[in-house]
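All remarks here apply to the structure that follows.
The values are calculated or read from the model by the stated rules, or taken from the named source; none is laboratory data. Being a predicted model, the structure only gives us computed values, none of them experimental. Note that each Cβ is placed from the backbone with ideal geometry, even for glycine, and that neighbours are counted across all protein chains shown.
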Amino acid sequence: MQALIDEFSKLPGIGPKSAQRISFYLLRSEQGESDRLAKSILEAKRTIKWCQRCFNLSEEDLCAICIDPERDSTTICVVEEPKDLIAIERTREFKGLYHVLQGALNPIEGVGPEQLRIRELMARLSDAAIDEVIICTNPNIEGEATSMYLARMISPTGIKVSRIASGLPVGGDLEYADELTLGRALEGRRDMA
C-alpha cells in the first residue's frame, strides 16, 4: 500500500494525503475500474509522442493542428507546454499554428535555451513565410525571461513579435491586485471607441 501511495505522491499536484485517498479509492473500486485506468496509462505512454513540427502531443508524426489546411500558416503562437496550447484552443480565438517550447528558461533549475525547443522554432521561422510570432509564455519570472530571450532572437529576422496582454482577471477587484498586475493592465489598455 505504501508503494502505491508513494507513486501517486510523485505526480504533480498530488500530496501525501491526496495520494493516500486515491490509493484507498482504487483499492475499494471494482477491478474493472482499476484495469481501465492502468490500460489507459499504458496506452497513452505507448501511442502518444511529440509532433515533429510543433512539439505538441500527437498520435501521428504531425499533430492535427499542423496538418489542418484551414489554419493560418503565417502566424505562430509560442507556448511553454501542451496544456497551454489546449487552453488557447478552448478560446476559439486563435486560428494560426503553434510551437511548444516544452518548458521555460530557468537557470536555477538548469533549464537553458538548449533544453527548450528554441532551435527548432528558429529553423521553422527560417523555412516558412511567417509574418508574426505571438509569445504566450506564463506571466511569471521564467515566462518573462523566456519571452524576452525569444524576442531578442526573433527580432533580427524581421518577423513581427508580440506578447499576449496581461492584467486583471474578469471578476477581479482592483483593491486585491498587486502593483505589477495593475501596472500591466494599465499599459495594455485598449481604445473602447
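Of the residues making up the stretch 1-27, those that are hydrophobic (A, V, I, L, M, F, W, C) and either part of a helix (DSSP H, G or I) or over 16 Å from LEU37 (Cα atoms) (or both) are MET1, ALA3, LEU4, ILE5, PHE8, ILE14, ALA19, ILE22, PHE24, LEU26, LEU27.
Taken together, the criteria place GLN52 among residues that are under 27 Å from the mean Cα position of the chain (by Cα), outside the structural domain of GLN102 (by TED's automatic domain parsing) and without any contact (Cβ under 8 Å) to a residue 40 or more places away in the chain. A count restricted to the stretch 149-180 and to residues that are among the β-branched types (Val, Ile, Thr) and free of Cβ contacts under 8 Å to residues at least 24 places away in the same chain stands at 1. Can we say ALA129 is in contact (Cβ under 8 Å) with a residue 40 or more places away in the chain, among the aliphatic types (A, V, I, L, M) and farther than 12 Å from VAL78 by Cβ? Judged against the criteria, ALA129 is a match. Against the condition of a type in the set (Gly, Ala, Ser), closer than 27 Å to ARG71 by Cβ and assigned by TED's automatic domain parsing to the domain that holds THR75, how does GLY158 come out, does it pass? Against the criterion (of a type in the set (Gly, Ala, Ser), closer than 27 Å to ARG71 by Cβ and assigned by TED's automatic domain parsing to the domain that holds THR75), GLY158 qualifies.
Select from the stretch 16-40 the residues that are surrounded by 10 or more Cβ atoms within 10 Å (Cβ to Cβ) and of a type in the set (D, E, K, R) and list them in ascending order.
Of everything in the stretch 16-40, those that are surrounded by 10 or more Cβ atoms within 10 Å (Cβ to Cβ) and of a type in the set (D, E, K, R) turn out to be LYS17, ARG21, GLU33, ASP35, ARG36, LYS39.
Scanning the stretch 28-35 turns up one or more residues that are assigned to a loop (DSSP other than H, G, I, E, B), without any contact (Cβ under 8 Å) to a residue 12 or more places away in the chain and not assigned by TED's automatic domain parsing to the domain that holds ARG117.
Here LEU105 passes the criteria (1) aliphatic (A, V, I, L, M); (2) closer than 20 Å to LEU57 by Cα; (3) touching a Gly at 6+ places or on another chain (Cβ under 9 Å) except the one numbered (2).
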